[in-house]
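*Asks:* Starting off with a structure, shown below.
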Amino acid sequence: MGGYKWGDDVTPLLSTLDDPSRGYTLLILSDTLWLHDEHSALLYTISQTLSRTEPAFAYFTTGHYAKRPIVDEFFKRAEDELGMEKEELVCPARWEGRMAVDVGVGRPRSGLDARKGAVWCFRAWRKGCKPPL
């Protein structure tokens, strides 16, 4: 699979599935919400790829540089236009991953924690189709 531009024909994305008509049950959208001019294209792509036949989540992360009103506007449109619900996930103050993370030579661990703390995380789903956790 090559690159993909939000809003383009989703056939190449769906063709990777055994049954393209079912859509994806998991979308991971990292650092996408700050591009507010692309929200329409992003919403279109989500609407065409997130499963309508079984419970499915879309996860979003975005840095605080995205500005909260822009993030809130995106999720309001997702609710109004796609019938989606969302919840904000609370990120821990410290990195709790199991994999070792190279923070770089001379960089303190606290720097990684500060970067992780400057990110909003969300989970969204189609109304009535929230997967069990």
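*Asks:* Which of the residues belonging to the range 61-90 are among the charged types (D, E, K, R) and part of a helix (DSSP H, G or I)? Spell out the reasoning first.
*Replies:* Within the range 61-90, the subset among the charged types (D, E, K, R) is 67-68, 72-73, 76-77, 79-81, 85-88.
The answer is R68, D72, E73, K76, R77, E79, D80, E81.
*Asks:* Could you check, for the range 88-107, whether at least one of its residues is exposed (fewer than 15 other Cβ atoms within 10 Å of the Cβ), in contact with a Phe, Trp or Tyr (Cβ under 7 Å, 6 or more places away or on another chain) and modelled with pLDDT under 70? Even if it seems obvious, please write down each step before you answer.
*Replies:* Residues of the range 88-107 that are exposed (fewer than 15 other Cβ atoms within 10 Å of the Cβ), as a first pass: 88-90, 92-94, 96-102, 104-107.
From the residues that got through so far, the ones that are in contact with a Phe, Trp or Tyr (Cβ under 7 Å, 6 or more places away or on another chain) too are 88-89, 101.
Keeping just the survivors that are modelled with pLDDT under 70 gives 101.
Checking the range 88-107: at least one residue is exposed (fewer than 15 other Cβ atoms within 10 Å of the Cβ), in contact with a Phe, Trp or Tyr (Cβ under 7 Å, 6 or more places away or on another chain) and modelled with pLDDT under 70.
The values are calculated or read from the model by the stated rules, or taken from the named source; none is laboratory data. The structure displayed is predicted, hence computed values, not measured ones. Neighbour counts run over all protein chains shown; Cβ positions are idealised from the backbone, glycine included.
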